[in-house]
Structure formats: C-alpha cells, structure tokens
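Colleague: One structure follows; several queries about it will come next.
The values are calculated or read from the model by the stated rules, or taken from the named source; none is laboratory data. Values in this document were obtained by computation on a predicted structure and should not be read as measured data. Because the Cβ atoms are built from the backbone with ideal geometry, glycine has one as well, and the counts that use them run over all protein chains shown.
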Amino acid sequence: MKFFSFKNFLKALLFLFSILIIVLLVSGVSYLVIDNVQKKNNLMDIEEYSPIASLIVEENNRKRSKFPFVDVHSHQWDMSYSNLKKLVSEMDSLNMGYMINLSGSGLATFAGNQTLMDLNLEKSLTNVKESFPDRFGVFVNIDFDKIDDNDFAENSVQIIINAVSKGAIGLKVYKNLGLSLKDSKGNRVKVDDIRLSPIWKICGELNIPVLIHSGEPSPFFDPIDKYNERWLHARQKPGSFRPSDKYPSFKTVMDEQFTMFKNHPNTIFINAHMGWMANDLDKLEDHLDKLPNVYTEIGAVIGELGRQPRRARKFFIDYQDRIMFGKDTYKKSEFDVYFRVLETSDEYFDYYRKRHGLWKMYGLNLPDEVLKKLYYKNALKLFPSIDKKLFE
C-alpha cells in the first residue's frame, strides 16, 4: 500500500525530527530567557550563593592539632588489603597518633554474609599487625539480619569472642538498628530488643566498648519544608531523611537507645555523634548524668558545636571526662575545621560542607587539659591496648 511506502516513512521521520528541533530550540530560548531574568533580578540557587564576608576578624587556621589525638570514629573500608603507609603519613601530618577503624568487618560490602565479614576482619587485623600495629585499632561488626535464628545469640557472642582474641578492640553497631532493620516477620527491630542482650553482655564481660550510631539528626525526621534548617541536605541527599510514614520518630529511637544503655550498666557504650544531641546540650547532659556507663564523641557534629561556642565550651569543661575526638568520614582536608573550633577563639568562619548547616562557626578555645582529655586521655582509659608513648 502507498500509505506504508518507504518515501512516506521518510517524510514522517523528517516531520518528527523537525518537531524535535523546534522543541529543543524553544526550550533553549526559554532557558536563556529565564536565566537572563534571574541574573537581571539577582535570583540564584542557595547552593550558588557564597558571599565573601566583609567582616575582618582574626584567623588562626589549624592544619595540625595542638596535642596528638585518637580518632575513635573512622571508616577505612579497604583496610583488609590497602597499603597503610600513605594513611599513616597523613595521620602524622595531622598529629593523629592512633586511628580506630569502626568498619573492620567491611559491613558496607559484605552485609548479609557474616562469613565474608569475619574474613575481612581477619585480613584487616593481619594487615595492621604486619604494617603499623601501634597506629590502628579495629572494631568488629555483627550482621543482625539473622536475629530470629535459634543460634543467633550464641553465634554472635562467639564471633565477638573470636574477634577480640585476634585483636579487635570494640564492637561497632550501625544505624540500621532501630531504623530499617526488620526481623523475619517484617517487624522493625528496636534498639533495645531483648534478642540483642547477649551481645551487649559479652562486650561488658570482655571489657570492650560498643560504639553505636542510632538514628539521625533530629531535623531528618521533620517535614522537609522552608522551616527545616537541613532542607539543603534533603535536596542533595534525600535518602538521609526519615519520613514518619516509613520510620519511627526521633524520640522513639532515642528512648529505645536510652533503655538499652540503662539495661546494661556493666557495658561501656560510646554514643556516636554526641547521640545527635549536640543541638540540645541540656538533654545530652541529662543523658550522661543518668547513664554513667555511656561516653560520647564528636564525629560529624562539629558544625553544631561551632555555632554555640559559649554553651558548647561549658559542656566540654563540665563533661571533660566523657567526650572523645571522632571525625567519621575520613578526609584529611576537613580536620582543620575541627582543630580550629576546639582550639581557637576565631569568629565567623565556614564549615566545609554547606548542607550540614547554613551558618558560621566560632571557636571554643578549650583549656589545654580539656583538649588533652578530648584528644587522647579519655580514649586511653577505654582502650588500654593503645601505646601511651604515642602521646607523650
């Protein structure tokens, strides 16, 4: 039939191509018009807005800490096979005496396969022992997915005992517990689930700390609107937020964690990220007062501390025996902000990641004795295997 001829097909194809060209031209013109209107009216995205302050204030940049320190919260996912020489060189330049790798079992890679996790841990411990045994500590991780198995508790306890016998110095618990982890019946596993009690108990008996990350910053549980101070984070990292139709409330997770800490007074817990209470230090004080077995660390919350220098300074002085230094994501270029907040009286300087907070930072100017406890003395109490000569 003529209607289906190749000639007509080419005509139709040419017509469609012409339409596409017109659409692209119209879109391009529209974009240029909108862009010009925005520029004319000084309209821009908040991510673009980066004003240079006219304020002239003293600057005391810190590329190296005043005293040697222990980073109790780091993640080195490739420790099982990487050459650690470059990392140690960077640590030396920062004045980092000792680093604790919380992800010794490589959970991000091997989640759901405890056998591979155990193998990764063993290789990580071996790599440390054969290269820099006095510079790194390694934590073990447990896969909680099999929480309903009859032998879950027994196996988990044995994994921890074996890991400690080979050199592991603590247990790290990831944030899926209490948030997204479900048992075989599809129920959310609570932080204070009794099925996990043997794990906390054996850690107490072995005298190893449990560093636990529960929940997220409280704004991550709030509506994502113009009133949420972490709105930019929601746009850049939407998966970080915890809408109420899918997750428990911030208060629910925190209450469960509190109950778990309270129910296991013979186990030392390190409440990571200042328990996500760095924006409510009164609450964190009450938390620590009621739980003498709990310590905390400052990983990923220096932005909260730097915006309230007077209140934060008082907290660090009052609770100087309960706080340790932690960074979380390892990036050498970001440590200077931590040192500057903790050690100087500088005013009105930038944090290194805009989505963590659209505010400026101020120094706490902590006393030397408080800094020493924060940097290494408190960690040496919890981890007696660390060589004290590194900090003399």
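Colleague: Any residue at all in region 158-170 that's buried (at least 20 other Cβ atoms within 10 Å of the Cβ), touching a residue at least 12 places away in the same chain (Cβ under 8 Å) and under 18 Å from the mean Cα position of the chain (by Cα)?
Modeller: yes
Colleague: Another one. Kindly indicate whether A278 is among the aliphatic types (A, V, I, L, M), modelled with pLDDT under 95 and either crowded, with 22+ Cβ neighbours inside 10 Å or part of a helix (DSSP H, G or I) (or both).
Modeller: Values: among the aliphatic types (A, V, I, L, M): yes; modelled with pLDDT under 95: no; either crowded, with 22+ Cβ neighbours inside 10 Å or part of a helix (DSSP H, G or I) (or both): yes.
Considered against the rule, which asks whether it is among the aliphatic types (A, V, I, L, M), modelled with pLDDT under 95 and either crowded, with 22+ Cβ neighbours inside 10 Å or part of a helix (DSSP H, G or I) (or both), A278 comes out as no.
Colleague: Looking at S124, S131, which one is among the hydroxyl-bearing types (S, T, Y) and either over 26 Å from the mean Cα position of the chain (by Cα) or at pLDDT below 95 (or both)?
Modeller: Of the residues listed, the single one that is among the hydroxyl-bearing types (S, T, Y) and either over 26 Å from the mean Cα position of the chain (by Cα) or at pLDDT below 95 (or both) is S131.
Colleague: Okay, moving on. Could you please tell me which pairs satisfy a Cβ distance under 7 Å, a separation of 6+ or placement on different chains, a first residue in region 189-215 that is touching a residue at least 60 places away in the same chain (Cβ under 8 Å), and a second residue that is acidic (D, E)?
Modeller: Partner pairs satisfying both residue conditions: K190/E256; V191/E256; D192/E256.
Colleague: Evaluate the following for K373: is it surrounded by 21 or more Cβ atoms within 10 Å (Cβ to Cβ), of a type outside the set (A, V, I, L, M, F, W, C), out of contact with any Gly (no Cβ under 7 Å at 6 or more places or on another chain) and closer than 21 Å to I317 by Cα? Before the answer, list the steps.
Modeller: Values: surrounded by 21 or more Cβ atoms within 10 Å (Cβ to Cβ): yes; of a type outside the set (A, V, I, L, M, F, W, C): yes; out of contact with any Gly (no Cβ under 7 Å at 6 or more places or on another chain): yes; closer than 21 Å to I317 by Cα: yes.
Spelling it out, K373 is indeed surrounded by 21 or more Cβ atoms within 10 Å (Cβ to Cβ), of a type outside the set (A, V, I, L, M, F, W, C), out of contact with any Gly (no Cβ under 7 Å at 6 or more places or on another chain) and closer than 21 Å to I317 by Cα.
Colleague: OK, next. F221 - would you say it is free of Cβ contacts under 8 Å to residues at least 40 places away in the same chain, of a type in the set (A, V, I, L, M, F, W, C) and within 16 Å of H356 (Cα to Cα)?
Modeller: Working: free of Cβ contacts under 8 Å to residues at least 40 places away in the same chain: yes; of a type in the set (A, V, I, L, M, F, W, C): yes; within 16 Å of H356 (Cα to Cα): yes.
Considered against the rule, which asks whether it is free of Cβ contacts under 8 Å to residues at least 40 places away in the same chain, of a type in the set (A, V, I, L, M, F, W, C) and within 16 Å of H356 (Cα to Cα), F221 comes out as yes.
Colleague: Does region 42-57 contain at least one residue that is in contact (Cβ under 8 Å) with a residue 40 or more places away in the chain, more than 20 Å from Y351 (Cβ to Cβ) and charged (D, E, K, R)?
Modeller: no
Colleague: Residues of region 141-157 being more than 23 Å from F383 (Cβ to Cβ) and either within 24 Å of the chain's Cα centre (by Cα) or in a helix (DSSP H, G or I) (or both), which ones?
Modeller: Of all residues in region 141-157, those more than 23 Å from F383 (Cβ to Cβ) come to 143-155.
Passing the criteria: D143, F144, D145, K146, F152, A153, E154, N155.
Colleague: Which condition number in (1) under 23 Å from V301 (Cα atoms); (2) aliphatic (A, V, I, L, M); (3) part of a helix (DSSP H, G or I) is the one that V138 fails?
Modeller: Unmet condition: (3).
Colleague: A further question follows. Quickly run through region 127-147 and pick out the residues that are free of Cβ contacts under 8 Å to residues at least 40 places away in the same chain and surrounded by fewer than 15 Cβ atoms within 10 Å (Cβ to Cβ). So that I can check it myself, show each step before the final result.
Modeller: Of all residues in region 127-147, those free of Cβ contacts under 8 Å to residues at least 40 places away in the same chain come to 129-130, 133, 140-141, 143, 145-146.
Answer for region 127-147, where residues must be free of Cβ contacts under 8 Å to residues at least 40 places away in the same chain and surrounded by fewer than 15 Cβ atoms within 10 Å (Cβ to Cβ): K129, E130, P133.
Colleague: Please go through region 211-235 and give me each residue that is in contact with a helix residue (DSSP H, G or I) (Cβ under 9 Å, 6 or more places away or on another chain) and of a type in the set (F, W, Y), ordered by number.
Modeller: So the first thing to find is which residues in region 211-235 are in contact with a helix residue (DSSP H, G or I) (Cβ under 9 Å, 6 or more places away or on another chain), and the list is 211-222, 224-225, 228-235.
Residues satisfying the conditions are F220, F221, W231.
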